[in-house]
Structures are given as C-alpha cells and as structure tokens.
Amino acid sequence: MKYTFQDSTEFPVQRDFIQDIQDFIRISKEVIPLEKSIKEIKQVNIEETGTTQAGIEEIDRFQKEITECIEERALGYESREVLEIKSKTIETCANISLLKKNEKLEDIDKQNRLALIEVRQLEDRILTALSPFFENSIYGAEHTCYASSEDRKLKGWQVSSIDGMRYEFELSFIQDTLKVEDLLKLTLPVRSKSGFLSKEEKVKKLDVSGFYVTNIEHGKNTTRTVIEDKDAENRFIITSDGGTFLIMYGDNEITGDEKLAPALDKDSISIFVEKIKDFVTDSVVFRKLRLILIDGKNAVEENVIFDCLKIIAGIYGKLAKECIERGYTEGEITIKIEEPGSIRTEKYISKSEASSELSSIGPEGNELARILRVSEA
C-alpha cells in the first residue's frame, strides 16, 4: 500500500491519513466529554465537602458559645452540685458535638471515596479509548521498548514522546520467558585458565544458547540486551548502535580485548540483535496505554487530555494544510491510495464535515478544528 498527495507526490507518512483524522475526531468526541465529567465530579465534591466542612465549623462555634455561656452563668455559684451540673452540661455538649462532627467527617470521607471511584472509572475509560489511537497514529513520536525479567518472566513496556508529551504502554509478549536459543545458537569468547602446573590463560568459546534474556532496551538508535545463565553467575551485556557492538562480560569488555575481540562471531551477534529488535516490536500480543504525561504532569489526573489532543491536532494540521494545497478540490483533504496490482483510489474528508463533527463538542472542538486547519471561520 502506497499513500500520496492528490498530485501524486509521496505522502510523508505512509498511513491512511483520512482514517486517522476520522479516528482523531471520534476519540475527541469521546474523551473530551469524559474529561468534562471528571472536572464536574471534582468540582461538585469540592463544593459538597466545603458545605459539610462549614457545618463542622458551625458545630464548633455553637459548642464554644454554649460553653462560654454556661461558664458565665455559673460565675458566683460555689456549691458542689451546681459546679457538677455545669461540668456535666459542658461535657455532654462536647460529647454530642464530637459525635455530630464525626458523622460529618464520615460524610466527607464517603463523598471523597465515591467521587474517587467515579473519577477512576472515567479515567480508565479515557485511557481505554485513547489506547488504540496512541499505538500508531501519533506521527513523529520516538519510541523505546523495554523488557525485564521478574522470576524469569518477561514484562514489557513502551515509552514514547513527542512535543512535550510522553505516553507509556504496558506490553505482553507472545512468550513470557525468552532464551537465547529461542532466537539462535550463540557462543561468546571469554578468558579461561587451564593447565596443572602453570595456569595458562586461553580463549574459550562459551555457549550462551541456554542463557535467559533478562533485560532489553530498544530505542531509535541503540539496542541493549542482558543475558544470564540460570544461576546468574555469568552475565553478558550486548549493546548495539546499529553499526558497532559493545559486549561486556561482568566488568570486562570483550569487544575491546585484543585476544577476545577477534574470536567474536559478528554475524551471529548481528543476527541476535536484529531478532531481539523483532521480538520487542513484533511479538507483542497485548498493549495497554497506562500513562500520559504532558510537561511532566499526569495528563489524565490533572485533566489536561485536551492539551494532548491539541498537540496531535497540530501535527495533523500541517499535513491537512499541505493536502489542501496539493489537492484539486477546494475545501477537501484528499489522499491517493495505491494498492497491490496498481489499483488507485482516492479518499477524502471535507473541511466542513470535519469542522461540523468537532464543533459538536463545544468550544474545545472549535479550537481543535482551528488547529487541524479545517475551521470554516
């Protein structure tokens, strides 16, 4: 599948841009009302808590006034009975006041817990709605995939970032235990001492095929893999930047050792690194969006998902503008799709349609329409 502008110039992102715009509009219509609902729940909770807190303060004030009044009325009385009545009255008032204040504090706690449950449910819905879109539809983002072993089971996550926004996915792989031999047979050279009388140091080829892969970090330019034997007595770190390798065995650098480096099978290592890359990118069976940060703030908890949508709209807006400029029909965002067999089709969305869909959200939608370059105003 090949994507081009309407004038047949190759599209800079080989994706169905029109579908992505439609998906962007759809998720915007879904998550912006959810974010508004969260804000409303929080505001109502603040107001209700404030009202209840005011009731507690009123009880405190009333108790203080009653106590002062009783103390004043008891002045001049010296009999034990009167002083006992005074003491008991003040004590009773204090106990009832404390009871009522505790009831109101329980009300506040209940309000907060119910509000938190509602908010968490809506936050989960936002992340669930955004998850499939954030997988592949944010153009230009840089991705780093990680995997680490806990009790010999690999758990993965992906960290992506663009324009001050960072988002993380939880990853599950097709297999939760990975050994080197699952990818290929591999040996690495190490120094070994042998001989009965004098220990002569020699180069030994250590078969690491049965080693476990315990840690992976794969980014744009670098791939770093840690492999260990069953008891973690032997540990290698293989780092590749695409052109060169760095292999560490404990504190010893194999690639910088004049005796060990020539014994490396660079072709096998290169194949191993490529297979590691394929594993963390192609063997993912489950991907779940778990966190979005914008300028270091949790976008979901801080209710700034709309700011994230504006970043994406800005990325799309530049391409939408170019589509319109390179197109033949005024007011339409159009791309051409070339399928196998040289079958060519065109796909478009009108500015008015996109603008109308977004404006149904309210002021936020109108702002997204302007950033997306589809606003009719």
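Sort out for me the Cα centre separation of the range 220-261 from the range 1-47, rounded to whole Å.
Cα centroid to Cα centroid, the span is 42 Å.
Would you mind telling me the share, in percent, of accessible area of the range 164-286 contributed by carbon and sulfur at probe 1.4 angstrom? Walk me through the intermediate numbers first.
Values: 3040 of 6910 Å².
Accessible surface attributable to carbon and sulfur in the range 164-286 totals 44 percent.
Rounded to the nearest 0.05, what FRET efficiency is calculated for Leu291 and Thr244 with R0 set to 45 Å and r the Cβ-Cβ distance? Mind dumping the intermediate values first?
On the way: r = 33 Å, r/R0 = 0.74.
It comes out at approximately 0.85.
About its Cα centre, how strong a charge dipole does the range 164-286 have in debye, to the nearest 20, once Lys and Arg get +1 and Asp and Glu get -1 at the Cβ?
Details: 17 positive and 23 negative charges, 72 e Å.
So the dipole magnitude of the range 164-286 works out to roughly 340 debye.
On alpha carbon coordinates alone, what is the Rg over Rh value for the range 1-97, Rh being the Kirkwood radius? Before the final figure, lay out the partial values.
Details: Rg = 34.2 Å, Rh = 20.1 Å.
When Rh is taken as the Kirkwood radius, the ratio is 1.70.
For helix 305-326, what angle does its Cα long axis make with the longest principal axis of the chain, in degrees from 0 to 90 and rounded to 10?
Value to nearest ten degrees: 50.
Any idea what the relative contact order of the chain is, in percent, if you count C-alpha pairs under 8 Å spaced at least 6 apart? Could you put the intermediate results ahead of the total?
Numbers: 541 pairs, mean separation 73.2, N = 377.
Once divided by the residue count of the chain, the mean separation gives 19 percent.
With the crude spin-label approximation of a point 7 Å out along Cα→Cβ, what separation in nm comes out for Glu150 versus Asn298?
The answer from the label model is 1.8 nm.
I'd like the orientation of helix 17-73 relative to the chain: the angle between its Cα long axis and the longest Cα principal axis, in ° from 0 to 90, rounded to 10.
30 degrees
Would you tally the net charge around Tyr77, using a Cβ to Cβ cut-off of less than 13 Å, leaving Tyr77 out, and scoring K and R as +1, D and E as -1?
Details: positive: Arg73, Arg80, Lys86; negative: Glu71, Glu72, Glu78, Glu81, Glu84.
Residues near Tyr77 contribute -2 overall.
Is any residue of the range 118-147 close enough, with backbone N under 19 Å, to a label point placed 7 angstrom from the Cα of Arg26 along the Cα-Cβ axis, and if so, which?
125-139
Estimate the FRET efficiency between Thr128 and Lys321 by the formula 1/(1 + (r/R0)^6), using the beta-carbon distance for r and 35 Å for R0, to the nearest 0.05.
Values: r = 31 Å, r/R0 = 0.90.
The calculated FRET efficiency here is 0.65.
Counting Lys and Arg as +1 and Asp and Glu as -1, each charge on the Cβ, what is the dipole of the chain about the Cα centre in debye, to the nearest 20?
On the way: 54 positive and 72 negative charges, 208 e Å.
Dipole about the Cα centre, nearest 20: 1000 debye.
So what is the accessible area of the chain per residue, in Å², with the probe set to 1.4 Å?
Values: 21430 Å² over 377 residues.
Accessible area per residue: 57 Å².
Put +1 on the Cβ of each Lys and Arg and -1 on the Cβ of each Asp and Glu in the range 164-286; which of Leu183, Phe236, Val203 then has its Cα farthest toward the positive end of the dipole?
Val203
Taking 0.36 nm per intervening residue step and subtracting the Cα-Cα distance, what contour gain separates Lys2 from Asp267 on full extension? Intermediate values should be presented prior to the final figure.
Details: separation 265, 0.36 × 265 = 95.40 nm, distance 3.30 nm.
The span from Lys2 to Asp267 would gain 92.1 nm if fully extended.
Around Gly327, what is the net charge, scoring Lys/Arg as +1 and Asp/Glu as -1 over all other residues with Cβ under 14 Å from its Cβ?
Details: positive: Lys321, Arg326, Lys336, Lys347, Lys351, Arg373; negative: Asp7, Glu322, Glu325, Glu330, Glu332, Glu346.
Net of charged neighbours comes to 0.
Rank these residues by their accessible area, most exposed first, probe 1.4 Å: Met165, Met1. List each step's numbers first, then the result.
Values: Met165 0, Met1 130 Å².
Descending accessible area places them as Met1, Met165.
Using the Kirkwood radius built from alpha carbon pairs, what does the Stokes-Einstein equation give as D for the range 236-278 at 10 °C and 1.306 mPa s, in µm² per second? Could the numbers behind the result be given before it?
Numbers: Rh = 10.7 Å.
Estimated via Stokes-Einstein, D reaches 148 µm²/s.
With +1 on each Lys and Arg Cβ and -1 on each Asp and Glu Cβ, how big is the dipole of the range 208-358 about its Cα centre, in debye rounded to the nearest 20? Present the calculation step by step, with values, prior to reporting the outcome.
On the way: 20 positive and 28 negative charges, 96 e Å.
Approximately 460 debye in magnitude.
Roughly how many Å² of Arg113 are accessible to a 1.4 Å probe, to the nearest 10?
130 Å²
For the range 105-193, divide the Cα radius of gyration by the Kirkwood radius and give the resulting Rg/Rh value with two decimals.
Numbers: Rg = 21.2 Å, Rh = 17.4 Å.
Ratio of gyration radius to Kirkwood radius for the range 105-193: 1.22.
I'd like the projected area of the range 164-286, averaged over all directions, using the convex hull of its alpha carbons. Report it in nm² with one decimal.
Values: hull surface 38.1 nm².
Result: a mean projected hull area of 9.5 nm².
May I ask which residue of Val213, Phe272, Leu260 lies farthest towards the positive end of the charge dipole of the range 164-286, with charges of +1 (Lys, Arg) and -1 (Asp, Glu) on Cβ and the Cα centre as origin?
Leu260
Against the globular-protein guess of 2.2 N^0.38 Å, express the Cα radius of gyration of the chain as a ratio, rounded to two decimals. Provide the component values of the computation, followed by the final result.
Working: Rg = 33.1 Å, N = 377, 2.2 N^0.38 = 21.0 Å.
After normalising by residue count via 2.2 N^0.38 Å, the value is 1.58.
Taking 0.36 nm per intervening residue step and subtracting the Cα-Cα distance, what contour gain separates Gln19 from Asn95 on full extension? Show your work: numbers first, answer last.
Details: separation 76, 0.36 × 76 = 27.36 nm, distance 6.63 nm.
Value of the extension gain: 20.7 nm.
Obtain the nm distance between the two label points defined at Glu330 and Lys204 by a simple spin-label model: each point lies 7 Å from its Cα along the Cα-to-C-beta direction.
The modelled label-to-label distance comes out at 8.1 nm.
Students sometimes get this wrong: rank Lys204, Lys310 by accessible area, probe 1.4 Å, all chains present, largest first.
On the way: Lys204 95, Lys310 60 Å².
The most accessible residue leads, giving Lys204, Lys310.
Which value in deg cm²/dmol, rounded to the nearest 500, describes the helix-derived mean residue ellipticity at 222 nm for the chain, given -39,500 (n - 2.57) per DSSP H run of n ≥ 4 and division by the residue count? Don't jump to the answer; show the numbers that get you there.
Details: 6 runs with 171 residues, N = 377.
About -16500 deg cm²/dmol.
At 0.36 nm per residue, and after removing the present C-alpha to C-alpha distance, how many nm does the segment from Glu181 to Lys88 gain when stretched out fully?
Values: separation 93, 0.36 × 93 = 33.48 nm, distance 8.25 nm.
Separation in residues times 0.36 nm, less the Cα-Cα distance, equals 25.2 nm.
Working from Cα positions, state the angle (0 to 90°, nearest 10) between the long axis of helix 266-282 and the longest principal axis of the chain.
With rounding to tens, the tilt is 40 degrees.
The values are calculated or read from the model by the stated rules, or taken from the named source; none is laboratory data. Values in this document were obtained by computation on a predicted structure and should not be read as measured data. Reconstructed Cβ throughout: ideal geometry from the backbone, glycine too, with neighbour counts over all protein chains shown. Only protein heavy atoms, including side chains, enter the accessible area calculation; ligands, DNA and RNA are left aside. Shrake-Rupley method; radii C 1.70, N 1.55, O 1.52, S 1.80 Å.
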